[in-house]
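Student: The structure is given below, and queries will be raised subsequently.
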Amino acid sequence: MSTPYGVAVIRQDVISLPRLDPDPGNVAYVDTETTGLTGGAGTYVFAAAVARPIDCGLRVTQFFLPQPGMEAAFLHALREEVDQAATVGTFNGGSFDLPVLRTRWVMARMPGEFAPAAHVDLLTLVRALYRHRLESCTLRQVEERLLGYERDDPLPSALVPDAYFEYLRAGARDFLEAALEHNRLDVISLVHLHSRLLLRLRGREAGMDAADWLALGRHRFRRGARADGWRALRNATSFAAGDAAATAGLLITRRLLRRGSVNAADSLLEWLEDRASNDLRVSVARARLLEWRRRDARQALDVIEAAQVRMPEAAEELEHRRSRLRRKVQSDDDRLGHRRNRGQGKVRQIQLEAPISDGLA
Amino acid sequence: MASLPHFRPADFQGEVTLDHVIPEAAATFASLPTDLRPELVAALGRRGIQNLYSHQAEAYRAIRDGRHLVVVTPTASGKTLCYNLPVLQRLLENPERRALYVYPTKALAQDQLAELSALKHGLPIEVRVDTYDGDTPPGRRTAIREGGHIVMTNPDMLHTGLLPHHTRWRRLFSSLEFVVIDELHTYRGLFGSQVANVIRRLKRICAFYGSSPIFICASATIGNPLELAQRLLEEENIQLVDRNGAPRGERRLVFYNPPLVNREMGVRRSSMLEARRIANPWITAGVQTIVFCRSRLQVEVMLSYLRQDLAPRLDASRRVRGYRAGYLPLHRREIEAGLRAGEITGVVSTNALELGIDIGSLQCAVLVGYPGTIASTWQQLGRAGRRSGSVGVFVASSSPLDQFIVRHPEYFLGTDPEEGLIDPDNLLLLAGHLQAGLFELPFEDQERLGSADVQELLRLFEDDGSATRSAGRWFWSRQAFPAEEIHLRRILADNVVIIDTSHPRPQVIGEMDQFTAPVLLHEEAVYLHEGAQYHVDRLDWDEKKAYVRPVAVDYYTDALASVSVQVLETFAGPDETQLTRSHGEVKITSLASMFKKIRFHTHENIGAGPIHLPEQTLHTTGYWITVDEALWRSFGRGPLERPTKPGDFPGIPAMEAGLQGIAHSLRHVASLRLMCDPRDLGSVAEVRSVTTQLPTVTVYEVYPGGVGFSSRLYELHDELLQDAAALVRDCPCSAGCPSCVGPLHLIDGAKRACLKLLEARHRSPSSATALAV
C-alpha cells in the first residue's frame, strides 16, 4: 500500500462474524507489538492489528514494519485505518499502546499528534467488573475465563521482540509469523470481549451473583450513571447473604443517609441484620444510625448486645462500643430521673418518643 | 581588625605557621541593565538590590549576546543571579521559552528552588519552577513536563528519566533556551566524563526538536574552568567571567600546628582537641562557626565534644549540630534552615557542606586536617565569609601530608587549585552512551556523538545485534533500556539501614553504604549519630540492617581494615625484566578484622575485639608492576640490611616506604596521563603479593569493572615510570614529602629508595646491584 511517506506493508482479510449482541458499534480495535516493554524513545511498534466490524463481518488489517526506516508510512497507514472508526478499543492501550504510538508519531516527525477521538480501554472495564473473579487480568486469562477460549501460544510474549530482531538480522520468518498471528488473534478477541463486557455493563448477563452486581454498581456510580448503579447495588443487596450483599447494602444505606432518608436506611439495615445476621459491619452501622440519627442510645445498645450474642467471636471487638453506649444510657437515665424528681418527666418523655414517631417509613 | 572574631596565637602552645590577612575588597557595582524589564527591576528592588555586581552584569550581557558562559566566583558572591536574571528576563519576554537547571545533587536543586521562588514572587506571569527527580510524585510529573518553565533536575535523572523519554518532554526540549550547569567543578574525573556524554545526548535531542540552548556553567574555585567547560560542553564560544565584583570582608587565614608531645615519634597533640579549643570559645560566644572534619566518625566525636563544652546550656544539642551523609534528607534541610536563620551557632560537617548548599555566611571556619586538595581547602575556608570579617583556621594533624602543608604555607598560597580533568572519549564510556543515544534517536550515517566519531562502534553494534541499519540510519535493536545500565557515579547500592530498637516502634535513623558499614556498624561498635552514642547490638548483613540502641559510654570504637589485591586474569604481561608490567582483572579486598575501643579525651586504647564480617570486594581492572627479586635484594646491601630467612625478602623500612612511594606517585602521574581524577584510581603497594610473589605495586580503577584505564596504563608503562621518577626527582624536598612519595611514611631514605627503584630499569642489572640505600 502506498502512502505519502512511501510503501506501507499491510495484510487484510475479512472474517465472518455472527451478529454481536450487544453490538459495540463503530469501533476500531487496535493491538500493537513492540520491541520492548519499557517504553521510551527507543521502543518502537513493529506490528499492529486493527479489527473493525463491517457489514458482512470483521475486517482485520495487519500492519508490519519491514525495517525501522519505513516507520512514517507504517504510522500513516495505521492512522488512516483507525480514523475510519469513531472510537478506538484497546486492551491496556491507555497506559501502553497509545503512549507508545504517540511517541512513535513524534519520532517519525509526523504532523500533529496521534490522538484518536475516543478511546475505550477494555482492561479498565475488565478490572472494574471482573477482578474479583480473576487471578490476573491478562488478556490470556480473560480469554480463558470470560470467553471460554483457550489457545496455544507458540511464542511467549517476552520473546516477541526477539522474533522481530531475528527477522531484521537474519530474515528469520518462523517466529515472526507466529508473533503476527498472535497479534491478529489478540485483536479479534478484543471484539468479542467488548461485546461480553457490554452485556455485563447492561446487567443482562445470566447468573450474576452479589459480588458481580456490587462491582457493576460501583463502576456505574464511578462513571456517573447513578440510576444504573443504584439498581445494581440493589440487586447485589437482594442476595441477602454474604459479604458482597452486605457491602452493597451498606453503600445504599450511606447514600440514603446522605439524602436524609433515615427511616429507609434504618429499615434496610434492620432487614439486612435479619438476613445477613453475621455481618458485624451491618450491626455497627445500625447502632450508629440509632445512636446519632435517632438519638436512641438504648436501642443502639440493644442492637450491639444482640450482635454480641449472635457473634460471640466478635463480642470483644464490640465491647468498647457497648460499654460506651451503656454509660450513655446510664447517664441519660440519671438525668431523666433527676428531672422527673423536679416534675419535668412528662416533657422529657415526650421528647423521648418524638424521634421514634417522626417521619414514618 | 576589631571586627574579626577573637583569635590570639599566644593562647595556644602550638606553632602558627601562617597568619595571613586577606584585605577586604570593596564591591564593584554595575548599574542594572537598561533592557531589564521593569517588573524584574521591581522584584530586585523588593529584595534590596539596586545595582548588580560587575560579574553579574558581565554575565547578563554575555548571555543576552547569545554566548555560552562559565562564571567562577567564590561562595556567596551572588552567582545564582548571574543565570536567574537573564533567564527570568527571557521568560518575561516570551513565556513560551524553557530552561533546564542541572545540579549535581537533589539537595542543591531543592535549595535553589526556594531561592528562585523568592525572586519570582510578584512577577506578572506565573513562572513555574519545579524540581524533577526521583522524589517527584508521579501525579505531578505530567504537569511539570507540560508546564514547567524552569525544570531543576540532576544529571542522573536527565540521563535515565528525561532523555530516554524525550517525546514526553517535547514541550521542554522544543523551546529549550537555557541549560544551567551549576557546581561545574563537581563534573570531573569519571563522573564528569559520564556527564559530558549525557550533555552530548542532550544536544542531540535539542537538535531533533530544533532548539539550540545557551549553556551557563557556574563553578567554585578550580584551576581550569574554561577548559573544563569547553571539554564538557564541546562549545567554542564560551565566555569566562571570573572577576568577582562582590565585596569581601577582611579574612584572616591561620595555619596552626599543634605542639609536639613526643619529639622522637613526631607525635603532636590531637588536632581534634586543639580544634575543639579553638572553636569552643566562638560557639560559646554565639559566633557562627563551622568545623570541617575528615570523616564521619570525627564529625560525631567533635560534635559530642562541642556539646559537652556547651552543656550547662539546656539548648546545647540544638545550637551545635552535625551534618554529614547518612542523615536523612529532611533532617539536613532543617539544619540548613537553622544555620541560615542563625538559630544554630555551630555545625560540624564532613565535606558534605563544601558544595553550594545555602547556609548563609558563617563567621569562623575550623578545618581539622587537610581536606586533600587546594580547591577543597579554599572551598571549606570560604564557608566563613561574613562581610564584617571572618577567620579560617587550618589545624594540622600529625600526618605527613598535613605536616607538609602546614610547614609550607607558601606552597598552599602559591599553587593554583587542581584542574578538573575529564575524558568523555574513553571507549567504554562512549560505547555505553552511544547505546543510550541510539535508543533515544537513530543515528544518521556519518553522525557523531558530540565530537566523537562513532561509526566504527555502530558497525560493532550491528555485528552484535544492538543496532540495525535501515534507510541510511542506525536504529537501536534490542529490548534493553541502555541508560539504566549506566550509573553516572559510583554509588553502591544496597545500603545498610540503621534501626534504633529502643522505641516501642523501631525507628530508622540513617543508612550507610555497604563498603563503609563493616568499619562503622560492626557488632559492638559504638555508632555515633548526631552526637548520640548507639551500641550496635546486631548487624544482619544479609538483610542489610543494623540494630542499635542508645547508650552512654566514655569510649568510641575504631575499626582497622586491610586492603589486598588478587589478580583474577592477566590480559597482558608480565614483560620487561626488573620492573615488569601487566594488566588484567583484579579483585580488591577490604577486610575489617578488628576494632579498638578508645577512651574519649585521653584517646587510650581500652579494649579490642574481632569483626566477623564478609570481606568487601571490588572487581575491577588494574595495572601492576613488580620488582624483580634480584633488584629488590640488591638494595638490601646497606647499613639497614637485616638477616633474613632464605626465600624471604628483606623487610627494610626504607624499601617498603619506597614501594609505597611508587604507588603514590604512579597513581598521580597516571591520572595526569589519563586526564582523569586521581580519585578514579586507587593504588596498593605490597611487599609480597599473593599473585606475583614479588614486591608489587597495583594501580586499579575504583569504578567496578573499570572503564578501560588499565590497558591504557599498560601501554603508557615507560612514560609513567619516567613521569613518576621525574616527579620524585624534581621535588624540592630533601627526603620525601606528600607531594612526591606520598603521605604514608616519612621514613629516612624513602625518597632515595623510591627513585632508585623507578630509575633501575634504565640501568644494567649489574649496576643496580651496586646501589645501596
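Student: What's the number of the only condition in (1) among the polar types (S, T, N, Q); (2) more than 21 Å from B:Gly249 (Cβ to Cβ); (3) surrounded by fewer than 17 Cβ atoms within 10 Å (Cβ to Cβ) that B:Asn84 fails to meet?
Tutor: The single condition B:Asn84 does not satisfy is (3).
Student: Whether any residue in the range A:93-102 is more than 14 Å from chain B (Cβ to nearest Cβ), touching a residue at least 24 places away in the same chain (Cβ under 8 Å), among the charged types (D, E, K, R) and out of contact with any Ser or Thr (no Cβ under 6 Å at 6 or more places or on another chain) is what I want to check.
Tutor: No, the range A:93-102 contains no residue that is more than 14 Å from chain B (Cβ to nearest Cβ), touching a residue at least 24 places away in the same chain (Cβ under 8 Å), among the charged types (D, E, K, R) and out of contact with any Ser or Thr (no Cβ under 6 Å at 6 or more places or on another chain).
Student: Of all residues being among the small types (Gly, Ala, Ser) and touching a helix residue (DSSP H, G or I) at 6+ places or on another chain (Cβ under 6 Å) in the range B:370-397, which is modelled with the highest pLDDT? Just the residue, please. It would help to see each step written out before you state the result.
Tutor: So in the range B:370-397, the residues among the small types (Gly, Ala, Ser) come out as B:372, B:375-376, B:382, B:384-385, B:388-390, B:392, B:396-397.
Next cut, touching a helix residue (DSSP H, G or I) at 6+ places or on another chain (Cβ under 6 Å) only: B:392, B:396-397.
Values: B:Gly392: 93, B:Ala396: 89, B:Ser397: 81.
Among those that are among the small types (Gly, Ala, Ser) and touching a helix residue (DSSP H, G or I) at 6+ places or on another chain (Cβ under 6 Å), it is B:Gly392.
Student: Just the residues that are surrounded by 15 or more Cβ atoms within 10 Å (Cβ to Cβ), within 14 Å of chain A (Cβ to nearest Cβ) and free of Cβ contacts under 8 Å to residues at least 12 places away in the same chain, please, taken from the range B:435-469.
Tutor: Of everything in the range B:435-469, those that are surrounded by 15 or more Cβ atoms within 10 Å (Cβ to Cβ), within 14 Å of chain A (Cβ to nearest Cβ) and free of Cβ contacts under 8 Å to residues at least 12 places away in the same chain turn out to be B:Thr468, B:Arg469.
Student: For the condition of a type outside the set (A, V, I, L, M) and part of a strand (DSSP E or B), what is the one hit in B:Phe475, B:Phe439?
Tutor: Working: B:Phe439 fails: part of a strand (DSSP E or B).
Testing whether each residue is of a type outside the set (A, V, I, L, M) and part of a strand (DSSP E or B) leaves just B:Phe475.
Student: Which condition breaks for B:Ser710 when tested against (1) farther than 30 Å from B:Leu430 by Cα; (2) modelled with pLDDT of 80 or more; (3) among the polar types (S, T, N, Q)?
Tutor: So the condition that B:Ser710 fails would be (1).
Student: Sticking with this one: As an exercise: evaluate A:Ala179 against (1) among the small types (Gly, Ala, Ser); (2) surrounded by fewer than 17 Cβ atoms within 10 Å (Cβ to Cβ); (3) within 14 Å of another protein chain (Cβ to nearest Cβ); (4) assigned to a helix (DSSP H, G or I) and give the number of the one condition it does not meet.
Tutor: Checking A:Ala179 against (1) among the small types (Gly, Ala, Ser); (2) surrounded by fewer than 17 Cβ atoms within 10 Å (Cβ to Cβ); (3) within 14 Å of another protein chain (Cβ to nearest Cβ); (4) assigned to a helix (DSSP H, G or I), the one that fails is (2).
Student: If a residue must be of a type outside the set (Gly, Ala, Ser) and over 18 Å from B:Ala25 (Cβ atoms), how many such residues does the range B:50-81 contain?
Tutor: Residues of the range B:50-81 of a type outside the set (Gly, Ala, Ser): B:50-53, B:55-56, B:58, B:60-61, B:63-65, B:67-75, B:79-81.
When the remaining residues are screened for being over 18 Å from B:Ala25 (Cβ atoms), the result is B:50, B:60-61, B:63-65, B:67-70, B:80-81.
Selection size over the range B:50-81: 12.
Student: For the range B:7-36, enumerate the residues that are buried (at least 16 other Cβ atoms within 10 Å of the Cβ) and over 28 Å from B:Trp378 (Cβ atoms).
Tutor: Listed by number, the residues that qualify are B:Leu32, B:Pro33, B:Leu36.
Student: Take residues that are away from every other protein chain (no Cβ under 14 Å) and on the phi > 0 side of the Ramachandran plot and tell me which of the helices (runs of 4 or more DSSP H) falling wholly in the range B:169-267 contain 1 or more. Lay out the reasoning, then the answer.
Tutor: Details: elements: B:170-174, B:189-208, B:225-233.
Hits in the range B:169-267: B:189-208.
Student: Please count how many residues of the range A:24-59 are over 20 Å from A:Glu81 (Cβ atoms) and either surrounded by fewer than 17 Cβ atoms within 10 Å (Cβ to Cβ) or of a type in the set (D, E, K, R) (or both).
Tutor: Within the range A:24-59, the subset over 20 Å from A:Glu81 (Cβ atoms) is A:35-43.
This time we only want the ones that are either surrounded by fewer than 17 Cβ atoms within 10 Å (Cβ to Cβ) or of a type in the set (D, E, K, R) (or both), so: A:37-38.
Residues that pass the stated criteria total 2.
Student: Could I ask something else about it? Checking the conditions here, which among A:Pro18, A:Pro53, A:Pro24, A:Pro68 is more than 14 Å from chain B (Cβ to nearest Cβ) and either of a type in the set (A, V, I, L, M, F, W, C) or farther than 15 Å from A:Val187 by Cα (or both)? Give the steps one after another, and end with the answer.
Tutor: Values: A:Pro53 fails: either of a type in the set (A, V, I, L, M, F, W, C) or farther than 15 Å from A:Val187 by Cα (or both); A:Pro24 fails: either of a type in the set (A, V, I, L, M, F, W, C) or farther than 15 Å from A:Val187 by Cα (or both); A:Pro68 fails: more than 14 Å from chain B (Cβ to nearest Cβ).
The unique qualifying residue is A:Pro18.
Student: Moving to a separate point now. Report whether or not B:Pro312 is under 26 Å from the mean Cα position of the chain (by Cα), at pLDDT below 80 and not aromatic (Phe, Trp, Tyr). Outline the logic, then answer.
Tutor: Working: under 26 Å from the mean Cα position of the chain (by Cα): no; at pLDDT below 80: yes; not aromatic (Phe, Trp, Tyr): yes.
Criteria not met by B:Pro312.
Student: Would it be correct to say that B:Thr142 is in contact with a helix residue (DSSP H, G or I) (Cβ under 6 Å, 6 or more places away or on another chain), in a helix (DSSP H, G or I) and more than 11 Å from B:Tyr101 (Cα to Cα)?
Tutor: Working: in contact with a helix residue (DSSP H, G or I) (Cβ under 6 Å, 6 or more places away or on another chain): no; in a helix (DSSP H, G or I): yes; more than 11 Å from B:Tyr101 (Cα to Cα): yes.
Taking the combined requirement at face value, the residue does not satisfy it.
Student: Given the criterion at pLDDT 95 or above, farther than 13 Å from A:Arg184 by Cα and touching a strand residue (DSSP E or B) at 6+ places or on another chain (Cβ under 8 Å), identify the matching residue among A:Ala47, A:Ala77.
Tutor: Values: A:Ala47 fails: farther than 13 Å from A:Arg184 by Cα.
Matching residue, one of A:Ala47, A:Ala77: A:Ala77.
Student: Continuing with this model, one more query. Filter the range B:158-168 down to the residues that are among the hydrophobic types (A, V, I, L, M, F, W, C) and more than 10 Å from chain A (Cβ to nearest Cβ) and list them by number.
Tutor: Of all residues in the range B:158-168, those among the hydrophobic types (A, V, I, L, M, F, W, C) come to B:158, B:162-163.
Answer for the range B:158-168, where residues must be among the hydrophobic types (A, V, I, L, M, F, W, C) and more than 10 Å from chain A (Cβ to nearest Cβ): B:Leu158, B:Leu162.
Student: Taking A:Arg133, is it more than 14 Å from chain B (Cβ to nearest Cβ) and in contact with a Lys or Arg (Cβ under 8 Å, 6 or more places away or on another chain)? Even if it seems obvious, please write down each step before you answer.
Tutor: Working: more than 14 Å from chain B (Cβ to nearest Cβ): yes; in contact with a Lys or Arg (Cβ under 8 Å, 6 or more places away or on another chain): yes.
The answer is yes for A:Arg133.
Student: Regarding B:Leu430, is this residue surrounded by 14 or more Cβ atoms within 10 Å (Cβ to Cβ), over 26 Å from the mean Cα position of the chain (by Cα) and away from every other protein chain (no Cβ under 14 Å)? Let's see the steps before the verdict.
Tutor: Details: surrounded by 14 or more Cβ atoms within 10 Å (Cβ to Cβ): yes; over 26 Å from the mean Cα position of the chain (by Cα): no; away from every other protein chain (no Cβ under 14 Å): yes.
So B:Leu430 fails the test.
Student: Quick one: B:Val261 ticks every box in (1) in contact with a Pro (Cβ under 9 Å, 6 or more places away or on another chain); (2) modelled with pLDDT under 90; (3) farther than 20 Å from B:Glu354 by Cβ bar one, so which box is it?
Tutor: Here B:Val261 meets the rest and fails (1).
Student: Follow-up. Just for the range A:278-326: of the residues that are within 25 Å of A:Asn263 (Cβ to Cβ) and of a type in the set (Asp, Glu), which one is modelled with the lowest pLDDT?
Tutor: Going through the qualifying residues, I end up with A:Asp279.
Student: Picking from A:Phe74, A:Phe63, which residue would you name as being outside any loop (DSSP other than H, G, I, E, B), within 13 Å of another protein chain (Cβ to nearest Cβ) and not basic (Lys, Arg)? Write out each step before concluding.
Tutor: Values: A:Phe63 fails: within 13 Å of another protein chain (Cβ to nearest Cβ).
None of the other options fit; the residue is A:Phe74.
To keep it simple, each residue is scored yes or no on (1) in contact (Cβ under 8 Å) with a residue 40 or more places away in the chain; (2) under 30 Å from B:Arg459 (Cβ atoms); (3) within 14 Å of chain B (Cβ to nearest Cβ).
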{"site": "A:Leu146", "(1), (2), (3)": "yes, no, no"}
{"site": "A:Arg151", "(1), (2), (3)": "no, no, no"}
{"site": "A:Pro154", "(1), (2), (3)": "no, no, no"}
{"site": "A:Ala163", "(1), (2), (3)": "no, yes, yes"}
{"site": "A:Ala172", "(1), (2), (3)": "no, yes, yes"}
{"site": "A:Asn183", "(1), (2), (3)": "yes, no, no"}
{"site": "A:His192", "(1), (2), (3)": "yes, no, no"}
{"site": "A:Arg202", "(1), (2), (3)": "yes, no, no"}
{"site": "A:Ala210", "(1), (2), (3)": "no, no, no"}
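The values are calculated or read from the model by the stated rules, or taken from the named source; none is laboratory data. Note that this is a predicted model, so its numbers are computed, not measured. Positions of Cβ are generated from backbone atoms using ideal geometry, with glycine treated the same way; all protein chains shown enter the neighbour counts.
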